[in-house]
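Beneath this line is the structure, given in structure tokens, with notes to follow.
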Amino acid sequence: MQSFQEIIFKLKQYWADRGAIIQEPYDVEVGAGTMCPETFLRVLGPEPYRVAYVQPSRRPADGRYGDNPNRLYKHSQLQVILKPSPDDIMEQYLASLEAIGIDLRQHDIKFEEDNWESPTLGAWGIGWQVMLDGLEVTQFTYFQQCGGIDLDLVPAELTYGLERLIAFLQVKDSVYDIEWAKGVSYGDVRHREELQYSVYNFEMADIATLWKLFGLHEGEAARLLAAYDPKSPDKRRFPLLPAYDHVLKCSNLFNTLDSRGAISVTERVGVIQRVRRLAVGVAQAWVNQQEVAA
Amino acid sequence: MSLPFLLEIGVEEIPDWMIPDALENLHLLFEKLEIPYESVRLDATPRRLVLRAEGLPARQADSQERVLGPAKSAPPQAVAGFARKQGVKPEDLAIETTPKGEYYSFIKKAPGRLTKDILAAALPGIILQIYFPKTMYWTGKGGPRFIRPIRWIVAMLGEEIVPFELAGVRSGALTCGHRRLGAKEIAVTPADYVERLRDHYVILSAEERRNRIRGGLAGVRVKPDPALLETLVYLTEYPTPIVGSFDPQFLELPEEVLITVMRHHQKYFSVEDAEGKLAPQFATVMNIDADPEGFVRRGNERVLRARFNDARFFWEMDQKKKLADRLPDLAHVTFQAKLGSYRDKTKRIMALVKELGGKTLAVRAARLSKCDLTTELVKEFTELQGVVGGLYARAQGERAEVWQAIYDHYKPESMEDALPRNPAGRYVSLADKLDTLRGCFRVGLIPTGSRDPFGLRRAAQGVVRILVEGKLAVPLLDLLEGNQQLVAFFEDRVKFYFKEHRGFKYDEVNAAMAAGWSNLVDLEARLLRIQKLRATPDFEPLAASFKRIRNILVQAGFTGGGTIDQNLLEPGPELELYGEFTKIAGQPIEGVISKLRPRVDLFFDKVLVNAPDSGVRQNRLTLLHTLLAEFSTMADFSEIVTNS
């Protein structure tokens, strides 16, 4: 049986062989691999790029104290960006499944319509959920817009849900029973984290403190964005990437506050708008900054 | 020479539900080319849209066009110039006599264009014009838009390729087989196309795929589900159904939940036992030829088990908190930003149910109706809202009338859907929908064109159906808060309902509604009477007379008010009409129409309304006005369109 980590190695190797840079996970909390700068910012502009990385994705509201066999506060996505998308992307994707030992003549694959949209990022794309014997294993998206900007080159984004895919391959009914490495289970590695974060997110996170943090990060991102001067000859050194980190912090704090039940009816839409405005602001400044670089 | 034509647009997987309309659209666009053909056929799988036509000419017919030149009297230079332009000598021109005089003319012959050339020039535009609800670009910003990336194109007229390029793809004679079971490049001709595809595990005909699914499930008691069948037909190129099973212990969960998981989340057919009860089995359709090792079956069984486990987990967890105890939590669930929370909405629904005449049980159902929105099960399966609340209410010992009302209160969700099964359910459904409509119209969320994000048309249609078919004689107009936009919106829905759904003629609906439409039960009764009356020979002539009366009154600017002075009535037709009228006034028109009609006809034949004496004239107008008013409570008959 291939272990969790062996399958990840193989997928990374597979995409590395096809010209992707292998990045490490981004070190700021995100809700999805799409939010990492390696996707969110790199898909903008006319530069081709190929990258793959495993991104732990945090969704506080999905936490289940480690009790639910299929639901996790933090799950792992293998995120692949191919910009622009090659013509044979579908074949390349299917071959990646064969590379991890799935004999596609023996299994049923369907591409079912599933368009992706992230209101907080001003981003959307067209695509499918890929169903393997009735299990959704990958989200396949052709990005169309990011940060409210039409993309010059259309990237293909492949997001493999690693826990699901590997539980399927290892024939496990619970993600916690996945063999991470020989003799070590997914539960051994991660159960404590699921339990403690569920307790924190649902019960103990201090709402006032989180709001204060939200305000601080929002303020810092907004301050930087306001200081960005598109006409400055020195704009290349302007810290847009740090500004974006603060936006990501806001997004994660928002999710935590939401799972804590602290976002009231009237606030919700407004807070999403606030984060979106910052994300779109960074994206636009970023495109402007790249123009001078190119 | 007549030739077959084949067009195959090879695309990455098209959303199943868009395919039939896209084909119809492609057909129309092809027709617009006006190339003659003997027969045409359209087919599709998720990866290809195909048009095949037989009997196209190799070349369009030659055409002739008469070109008029200068007048016969024109100077020779002008004549020579015209001839030169047409590429002939002046002596080859003919003289034509027209109403305006004699002119030089020339018959210009144009050879018909090659059909292949016409197709090559037109096809790229045709393909990109096919309508899809949502399109994408993939070759880069500003590139062509289509439903999904186009990856190959087959375009052949007879044995020849119809050459063109679209989105970087050159048309050719190579198709592509099934993604995993077929070859990637297969040479075809219009003649062997279908068979070559079949060799490579692509069944082109949707009908054949449908039959293959049905055939594969023969002997299995599958719950019929035509919509799901269509989805699967257009989600596969080589469909093969298989049957799997699940642990019978899951049958303890409500059937509604199990079926929703299977149908909406997994696209499985559910299976019944001999008594029609849900069996612990399901049928799924693969997009490959067989599952000899059982991998696909076991994979699907595991997915379903995980999903059912989730549902059971939610079902049990939700039971820990009663519906009634969830009411305060609704304060945290937004109904609409400007319209407050579901807690607010619940209060409004309860008040409306009382106002409509609902009793204690209906109010109880209204109170609990939205509480399931805070359950995990509804968060997971939003399409089960209402149903889940009903099931929990039943499990928590609510009376049948209450839990059924909660269960049904989103009904009717379409024109075909049933009404809530009991009166309490109808009250709650009415109140919920009316509240949504009133609120949205109040804050300006009014549907425009095809945009109706809050489903207000459906909600209003539901209100109309419940009032009419549930025989609730409440005054609808009093419930619309005097909002004229909402009144107009409902007027449209009422018309639509009686015309499109009930089949009344438009002028009957207009006539009946002109006499009032606030009480829809009464409106329906009047419409049924008009429909019957219309079949009688006296009806249309009388309606025509009523229209005449109305026109006379309008022209005279007469608005009524006076009383009839019998002394001013002229003996003969006028007095006889009055006499007849006093006898029949107050009776239903059905019984008196045959007596009334000849009197009215005679009156108009013999009597001049516009009498010279103003007293007589006023008296006649009063008589006509009284007559019209008497019979207009049922309908404004002057709205009836008559042949006379």
Quiz item: Among the residues of segment A:48-62, is any part of a loop (DSSP other than H, G, I, E, B), more than 14 Å from the chain's Cα centre (by Cα) and within 13 Å of another protein chain (Cβ to nearest Cβ)?
Solution: yes
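Answer yes or no as to whether A:LEU162 is facing chain B (nearest Cβ under 10 Å) and either among the β-branched types (Val, Ile, Thr) or touching a residue at least 12 places away in the same chain (Cβ under 8 Å) (or both). Write out each step before concluding.
Details: facing chain B (nearest Cβ under 10 Å): no; either among the β-branched types (Val, Ile, Thr) or touching a residue at least 12 places away in the same chain (Cβ under 8 Å) (or both): yes.
No.
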Exercise. Scan segment A:67-89 for residues that are free of Cβ contacts under 8 Å to residues at least 40 places away in the same chain and facing another protein chain (nearest Cβ under 7 Å) and jot them down.
Key: A:ASN68, A:ASP87
Practice problem: Quick one: in segment B:87-130, of everything that is surrounded by fewer than 17 Cβ atoms within 10 Å (Cβ to Cβ) and among the polar types (S, T, N, Q), which residue is farthest from B:VAL67 (Cα to Cα)? | Solution: B:GLN129
Quiz item: Residues of segment A:120-131 being modelled with pLDDT under 95 and either over 14 Å from the mean Cα position of the chain (by Cα) or outside the structural domain of A:PRO84 (by TED's automatic domain parsing) (or both), which ones?
Solution: A:GLY122
Quiz item: Can we say A:LEU224 is over 22 Å from the mean Cα position of the chain (by Cα), under 19 Å from A:LEU41 (Cα atoms) and not basic (Lys, Arg)?
Solution: yes
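Conditions tested, residue by residue: (1) in contact with a helix residue (DSSP H, G or I) (Cβ under 7 Å, 6 or more places away or on another chain); (2) among the hydroxyl-bearing types (Ser, Thr, Tyr); (3) within 14 Å of chain A (Cβ to nearest Cβ).
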{"residue": "B:ALA120", "(1), (2), (3)": "no, no, no"}
{"residue": "B:ILE130", "(1), (2), (3)": "yes, no, no"}
{"residue": "B:THR139", "(1), (2), (3)": "no, yes, yes"}
{"residue": "B:VAL188", "(1), (2), (3)": "yes, no, no"}
{"residue": "B:ARG196", "(1), (2), (3)": "no, no, no"}
Quiz item: Does A:ALA205 satisfy being surrounded by 15 or more Cβ atoms within 10 Å (Cβ to Cβ), at pLDDT below 95, among the small types (Gly, Ala, Ser) and more than 26 Å from A:GLN106 (Cα to Cα)?
Solution: yes
Exercise. Check segment B:148-158 and report whether any residue there is over 37 Å from the mean Cα position of the chain (by Cα) and surrounded by 12 or more Cβ atoms within 10 Å (Cβ to Cβ).
Key: yes
Quiz item: Which of (1) free of Cβ contacts under 8 Å to residues at least 60 places away in the same chain; (2) within 22 Å of B:ASP478 (Cβ to Cβ); (3) surrounded by 24 or more Cβ atoms within 10 Å (Cβ to Cβ) is the odd one out, the single condition B:ILE349 does not satisfy?
Solution: (1)
Exercise. Return the only residue of A:ASP150, A:ASP173 being touching a residue at least 12 places away in the same chain (Cβ under 8 Å), among the acidic types (Asp, Glu) and within 14 Å of another protein chain (Cβ to nearest Cβ).
Key: A:ASP173
Quiz item: Which residues, taken from segment B:167-205, are among the charged types (D, E, K, R), in a loop (DSSP other than H, G, I, E, B) and under 20 Å from B:LEU42 (Cα atoms)?
Solution: B:ASP192
Practice problem: Could you please let me know if B:GLY55 is at positive phi and not in a loop (DSSP other than H, G, I, E, B)? | Solution: yes
Quiz item: Does A:LEU97 satisfy the condition of being among the aliphatic types (A, V, I, L, M) and at pLDDT 95 or above?
Solution: yes
Self-check item: Test: residue in segment B:407-427 that is small (Gly, Ala, Ser) and either in contact with a Leu (Cβ under 6 Å, 6 or more places away or on another chain) or in a helix (DSSP H, G or I) (or both)
Solution: yes
Quiz item: Among the residues of segment B:6-28, is there at least one that is in a loop (DSSP other than H, G, I, E, B) and farther than 23 Å from B:VAL233 by Cβ?
Solution: no
Quiz item: Quick one: which of B:LEU204, B:LEU232, B:LEU197 is crowded, with 20+ Cβ neighbours inside 10 Å and closer than 17 Å to A:LYS110 by Cα?
Solution: B:LEU232
Practice problem: Would you check if B:SER73 is among the hydroxyl-bearing types (Ser, Thr, Tyr), without any contact (Cβ under 8 Å) to a residue 60 or more places away in the chain and exposed (fewer than 11 other Cβ atoms within 10 Å of the Cβ)? | Solution: yes
Quiz item: Could you list, in sequence order, the residues of segment B:313-323 that are more than 7 Å from chain A (Cβ to nearest Cβ) and crowded, with 16+ Cβ neighbours inside 10 Å?
Solution: B:PHE314, B:TRP315, B:ASP318, B:LYS322, B:LEU323
Self-check item: Candidates B:ARG326, B:ARG343, B:ARG394 - the one that is within 14 Å of chain A (Cβ to nearest Cβ) and within 27 Å of B:PHE250 (Cβ to Cβ)
Solution: B:ARG326
Quiz item: If we keep just the residues of segment A:124-171 that are among the charged types (D, E, K, R) and surrounded by 19 or more Cβ atoms within 10 Å (Cβ to Cβ), which is farthest from A:LEU44 (Cα to Cα)?
Solution: A:ASP133
Exercise. With the condition kept exactly as written, say whether any residue in segment B:22-30 is surrounded by 13 or more Cβ atoms within 10 Å (Cβ to Cβ), under 30 Å from A:VAL130 (Cβ atoms) and touching a Pro at 6+ places or on another chain (Cβ under 7 Å).
Key: no
Quiz item: Got at least one residue in segment B:627-644 being in contact with a Lys or Arg (Cβ under 7 Å, 6 or more places away or on another chain), at pLDDT 85 or above and either more than 29 Å from B:ASN519 (Cβ to Cβ) or part of a loop (DSSP other than H, G, I, E, B) (or both)?
Solution: yes
Quiz prompt | segment B:274-304, residues that are surrounded by fewer than 15 Cβ atoms within 10 Å (Cβ to Cβ), at the interface with chain A (Cβ under 10 Å from one of its Cβ atoms) and not aliphatic (A, V, I, L, M) | solution = B:ASP289, B:PRO292, B:GLU293, B:GLY294, B:ARG298
Exercise. Within segment A:105-126, work out how many residues are assigned to a strand (DSSP E or B) and more than 9 Å from chain B (Cβ to nearest Cβ).
Key: 5
Quiz item: Which residue, of B:LYS109, B:LYS85, B:LYS116, is in a strand (DSSP E or B) and either out of contact with any Phe, Trp or Tyr (no Cβ under 8 Å at 6 or more places or on another chain) or within 14 Å of chain A (Cβ to nearest Cβ) (or both)?
Solution: B:LYS109
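From A:SER76, A:SER96, A:SER85, which residue is under 20 Å from the mean Cα position of the chain (by Cα), part of a helix (DSSP H, G or I) and of a type in the set (Ser, Thr, Tyr)?
Working: A:SER76 fails: part of a helix (DSSP H, G or I); A:SER85 fails: part of a helix (DSSP H, G or I).
After applying the criteria, what remains is A:SER96.
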Quiz item: Is it true that some residue in segment A:265-278 is part of a loop (DSSP other than H, G, I, E, B) and over 26 Å from A:CYS146 (Cβ atoms)?
Solution: no
Practice problem: Would you mind stating whether B:ARG151 is within 14 Å of chain A (Cβ to nearest Cβ), in a strand (DSSP E or B) and not hydrophobic (A, V, I, L, M, F, W, C)? | Solution: yes
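The values are calculated or read from the model by the stated rules, or taken from the named source; none is laboratory data. Keep in mind that this is a model prediction, so the values were computed, not measured. Positions of Cβ are generated from backbone atoms using ideal geometry, with glycine treated the same way; all protein chains shown enter the neighbour counts.
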